[in-house]
Amino acid sequence: MPEGFERGLLARITRTVGEHYRIIHANPLSRIGFWVVSVFTIVAIFAPWLAPHEPWAMQYDSEGSIASLRPPSLEFPVGTTHLGYDLFSQLILATRTTLIIGAVSGFISIVIGANIGLVAGYYGGKIDEILMRLTDVLYGMPFLPFIIILIALFGRKLEFVILAIVLIIWRTSARVIRAQTIAIKQRQFITAAKARGCSNLRIIYRHILPNVLPLLLLYAAFNIAWSIITEASASFLGFGDGTTISWGGMLYELWLSGKTRVAWWWFAAPSLCIITLVTSLVFVSRAYEEVANPRLRKR
Amino acid sequence: MLEYVLRRLLYMLITIFAVASILFVIFRLLPGEATLQVISPAMDEAVQERMKAAFGLDKPLLQQYFIYLKNLVSLEWGRSFVSARRVIDILEYRFWNTVLLMAAGMCMTLMLGVGIGMVMAWKRNGPIDIIGTVTGLIFQAAPPFVTGLLLLMVLSYRLGLFPTGGMYPPGQRPDGVLELLFMPEFWHRIVLPTITVGLYYITTPMLIMRDSMLEVLGSDFIELAKAKGLKPRVVMIKHAARNALLAVVTLASIMVGFAIGGQVVVEALFSWPGMGQLMVESAASHDYPVAQGTFLMLAILVISLNFLTDVWYCYLDPRIKISASGLN
């Protein structure tokens, strides 16, 4: 690869990253959200090194008895479970599971949703009709029950949770991006590109895609947030991956143990993590909402 | 209008048919025996064979598919592995319990959401506006089981104000929906699940109402109404809110789709004997006929509600009708 190309690519990436950094930093709420999400990401990456204990290892206190149902203390910052597991370690390791699920299903679903929306909106006619009827069918699918059915049939595995989420969640982004594509398609620069003899694919990906990008990123953030809430709900009902720890799974264990009456810390820690992360994602998305819909800026 | 409604009705039937077909495919993709769907593996080998023939499971797949569709239409949805009762009978009882809770939750969401959103826009940037936005965003981010657990822990366990679950006291099962509605215990028990469902969905209608209100408040006819010397309350409710409501209705159909998910969690959490709880229980105990029937019933509920909101929207905003028929 010629050196100049590489430098050009690097410059372009730096410019794009810088641009998005500016978009997010223009809005104070988005700025807070961005930093919170970054902290969670760092925790997720370094989780195995940050967690002081094994997630499912019984802890003992200095007197040698099992540290069961201890409220938060210096030794156990967020307390322990009825079996003496360290909740702080569980919380850190669960961050990784949650972020993997959120990032993977958010990414795949937005790729599917964007492509279906772009193709349906650009070509119109029969293709549009078929793709939108397909989207309608998915709107008829109850989301969480669909995950429950898939997990019950195929087993409690992370892949199936992600698969089930991805199969349904792209529907909203497809509809929204289709509508935007139809609006952009009628603009003059598209006609000009056609007159120059650009291929359909080139028009879709080089001319229309950059214009729907803010909307796409907005829905990517939404999809990640929805995936996280949905995974947590499925795990809470006992339909998550049984071998990896997740925030919803921690609350499921609490519910199963029947210690809801006493162990407030066991409830508070994973709940606060879910709420903080999802709220931050929504805050970040607000920056793109303003770019995608400039009328909002006045408010 | 009629043409539009009929076309939506046709789409609705096609969608139900498509969902049923997808369900058929998913259950056939099952690792191992495809017959698990109707025949419990716990049964005797010879009995299993006999049942296979009885259910037509020894026939080719395409023929099985037609039998499946025929059974769906004639409401032959199989029997539960666990209780041996007919799935359709189990569902009939559960269906109304779900609808009751959903209706209560939706009423609370829409009334409170629209009301608060209206006031937020009227007193824009005031304390109500800011508190409303922040708490709204937090409740939207809190999955329903978090809110529900919190309510249970504080109001039920600590303060003892509400029962922890169920729909009526143990051993006092009412004979019908009407008798249920006259039980004070029922109303006592529906409070917490309703608040939980309501709080989860309140944010969207609230914020949409606020934004839509702000837009309406900027228009000339509001200025005129104020200039006429009408009371602010009258302008807010009769002139502005009425016009702003349309945006909330558009959203109702999207909310309905999500509402089912929250419903499942809340029913499981509060042991509410509805379809959501049945879904969780039957899937966990691998009671496939019940799981399949419940899923289909939930899907039909979602699809019909989508249909109803579409029609309602068309009634409120006749422009939809014109653009819809203009498309084809």
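Side notes on the structure shown:
- Projected label distance in nm at residue A:10 and residue B:85, using a 7 Å step from Cα toward the beta-carbon: 7.0 nm
- Measuring only protein heavy atoms, the 1.4 Å probe finds residue A:68 accessible over about 50 Å².
- Within 10 Å of the Cβ of each residue in B:296-308, the mean number of Cβ atoms contributed by other protein chains is 3.
- Loop trypsin sites (Lys or Arg not before Pro), segment B:175-238, which have at most 10 other Cβ atoms in a 10 Å radius of their Cβ (DSSP): B:228
- Basic side chains Lys and Arg get +1 at the Cβ, acidic Asp and Glu get -1 at the Cβ, and with that the dipole of segment A:111-266 about its Cα centre reaches some 640 debye.
- Coupling constants for segment B:155-165 follow from the phi torsions by the Karplus curve (6.51 cos²θ - 1.76 cosθ + 1.60, θ = phi - 60°), and in residue order they are 7, 9, 6, 7, 9, x, 7, 10, x, 7, x Hz; glycine and proline get x.
- For the protein assembly as shown, a simple Cβ point-charge model (Lys and Arg +1, Asp and Glu -1, everything else neutral) yields a dipole of about 2620 debye relative to the Cα centre.
- Once the Cβ-Cβ distance of residue A:182 and residue A:100 is raised to the sixth power relative to R0 = 22 Å, the FRET efficiency obtained is 0.05.
- Over all pairs of different C-alpha atoms in segment B:58-141, the reciprocal of the mean inverse distance, the Kirkwood hydrodynamic radius, equals 17.4 Å.
- Rounded to the nearest 10 Å², the accessible area of residue B:162 at probe 1.4 Å: 50 Å²
- Most to least packed among A:120-133, B:105-118 [average Cβ atoms within 10 Å]: B:105-118, A:120-133
- Pairing chain A with chain B buries about 4300 Å² of accessible area. This figure sums both sides and uses a 1.4 Å probe.
- Rh by Kirkwood over Cα pairs, then Stokes-Einstein D for chain A at 0.692 mPa s and 37 °C, µm²/s: 152 µm²/s
- Placing dummy labels 7 Å off each Cα toward the beta-carbon, the span from residue B:230 to residue B:181 is 3.5 nm.
- Per-residue accessible area (protein heavy atoms, 1.4 Å probe) orders A:63, A:289, A:75, B:179 as A:63, A:75, B:179, A:289, starting from the largest.
- Accessible surface calculations at 1.4 Å, restricted to protein heavy atoms, place segment B:92-320 at 43 Å² per residue.
- Share of carbon and sulfur in the accessible heavy-atom surface of the protein assembly as shown [1.4 Å probe, %]: 66 percent
- Overall form of the protein assembly as shown per C-alpha gyration tensor (a/c, 1.5; a/b vs b/c): rounded
- Full-extension gain in nm, residue A:75 to residue A:189, via 0.36 nm per residue minus C-alpha separation: 34.7 nm
- For residues of A:150-163, the mean tally of beta carbons on other chains within 10 Å: 2
- Solvent exposure of chain A, expressed per residue, is 47 Å² of accessible area, with all protein chains present and a 1.4 angstrom probe.
- Shielding score for B:142-155, defined as the mean number of other chain Cβ atoms within 10 Å: 5
- This model, with +1 at the C-beta of Lys and Arg and -1 at the C-beta of Asp and Glu, gives chain B a dipole about its Cα centre of some 1020 debye.
- Efficiency of FRET between residue B:188 and residue A:68 - r from beta-carbon atoms, R0 51 angstrom, step 0.05: 0.90
- Computed helical MRE - 222 nm, chain A, DSSP H runs ≥ 4 contributing -39500 (n - 2.57), nearest 500: -24500 deg cm²/dmol
- In sequence order, segment A:221-236 has phi-based couplings of 4, 4, 4, 4, 4, 5, 4, 5, 4, 5, 4, 4, 5, 4, 5, 4 Hz under the Karplus curve 6.51 cos²θ - 1.76 cosθ + 1.60, θ = phi - 60°, and Gly or Pro positions carry x.
- Helices in chain B, meaning DSSP H runs of at least 4 residues, each add -39500 (n - 2.57). Divided by all residues, the mean residue ellipticity at 222 nm is -24000 deg cm²/dmol.
- Whether segment B:92-320 is rounded, prolate or oblate, judged on the alpha carbon gyration tensor where a/c under 1.5 counts as rounded: prolate
- Built amide H within the under 5 Å cut-off of residue B:79, gap 5+: B:87
- Residue A:81 accessible area, assembled protein chains, probe 1.4 Å, Å²: 0 Å²
- Calculated FRET efficiency for the pair residue A:157/residue B:59, C-beta based, R₀ 30 Å, to 0.05: 0.40
- Working from label points 7 Å from Cα in the Cα-to-Cβ sense, the residue B:155 to residue A:25 distance is 4.5 nm.
- Cα lying deepest toward the dipole's positive end in segment A:192-279, options A:209, A:232, A:260, charges on Cβ: A:209
The values are calculated or read from the model by the stated rules, or taken from the named source; none is laboratory data. Just so we're clear, the structure is a prediction, and the values are computed from it rather than from any experiment. With ideal geometry, Cβ positions are generated from the backbone for all residues, glycine too; neighbour counts draw on all protein chains shown. Each accessible area value is taken on the protein alone, full model and side chains, heavy atoms only, with ligands, DNA and RNA left out. Shrake-Rupley method; radii C 1.70, N 1.55, O 1.52, S 1.80 Å.
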